[in-house]
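Following: one structure in structure tokens, then a few remarks.
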Amino acid sequence: MRIRKANHGDAAAIAKISVDTWRATYKGIVSQAFLDQMSYQERTNKWKQKLIDPKMFSYIAETEKGEAVGYANGGGLRGEGAEKLAELYAIYILPNYQRSGLGKQLLKPVVQTCVDHSFEQMVVWVLEGNKAVLFYKALGAEKYDQDTIELAGETLNLFGYRFKDLKALLDS
């Protein structure tokens, strides 16, 4: 598996991973109507914009044959927050490649880039019911906040988890 910095040309591959993993991960958590209406093209257009944002750090995982199978991205905390607080915006891996250690491999360059930009801690927001929370907890994240989000007319719970020491996370 190869992890590299994502670029503008990766927008369609990341969009496909995004849509496919949302449909698998959030089935039974998010309304099926919302998942069904997700569009590869719409996500591609959004990723084309995201990938030129210099404040966001994005990485992609590829197989030996160059097939994109996962991505992770982060940057400064969105909204109000502490100056030294980064945010892991997303980490998604196609279902067939999950539970293989790839998540940790994808997380490391995001964390390293955050450390390089003088961030000391990092937050990740997780929808209630998302089993990925076990991954974050296993790496030392602790619950620190909660919020809600509205998707397709439904109000869903979000839980914030914080990694208190990014340098220690790199060593794990």
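The values are calculated or read from the model by the stated rules, or taken from the named source; none is laboratory data. The structure presented is a predicted model; accordingly, all values stated were derived computationally and were not measured. With ideal geometry, Cβ positions are generated from the backbone for all residues, glycine too; neighbour counts draw on all protein chains shown.
When you scan the stretch 146-172, how many residues do you find that are among the charged types (D, E, K, R) and more than 14 Å from L127 (Cβ to Cβ)? Of the residues in that region, 5 qualify. So which residues in the stretch 132-159 are touching a residue at least 40 places away in the same chain (Cβ under 8 Å) and not small (G, A, S)? Hits for the stretch 132-159 are L151, E154, L156.
Scan the strands (runs of 3 or more DSSP E) fully inside the stretch 1-94 and keep the ones with 2 or more residues being hydrophobic (A, V, I, L, M, F, W, C).
Numbers: elements: 2-5, 56-62, 68-76, 85-93.
Correct list: 56-62, 68-76, 85-93.
Mind checking whether some residue in the stretch 54-67 is aromatic (F, W, Y), surrounded by fewer than 22 Cβ atoms within 10 Å (Cβ to Cβ) and either in contact with a Lys or Arg (Cβ under 9 Å, 6 or more places away or on another chain) or farther than 13 Å from A6 by Cα (or both)? Quick ask: steps written out before the conclusion?
Going residue by residue through the stretch 54-67, those that are aromatic (F, W, Y) are 57, 59.
Of the ones still in play, those that are also surrounded by fewer than 22 Cβ atoms within 10 Å (Cβ to Cβ) are none.
So far as the stretch 54-67 goes, no, none of its residues is aromatic (F, W, Y), surrounded by fewer than 22 Cβ atoms within 10 Å (Cβ to Cβ) and either in contact with a Lys or Arg (Cβ under 9 Å, 6 or more places away or on another chain) or farther than 13 Å from A6 by Cα (or both).
Name the one entry in V124, V110 that is at pLDDT 95 or above and assigned to a helix (DSSP H, G or I). Break it down stepwise before answering.
Numbers: V124 fails: assigned to a helix (DSSP H, G or I).
Result of the check over V124, V110: V110.
Each row is one residue, and each column tells you yes or no for (1) within 24 Å of D171 (Cβ to Cβ); (2) touching a Cys at 6+ places or on another chain (Cβ under 9 Å); (3) among the basic types (K, R).
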residue	(1), (2), (3)
P54	no, no, no
T63	no, no, no
G75	yes, yes, no
Q105	yes, no, no
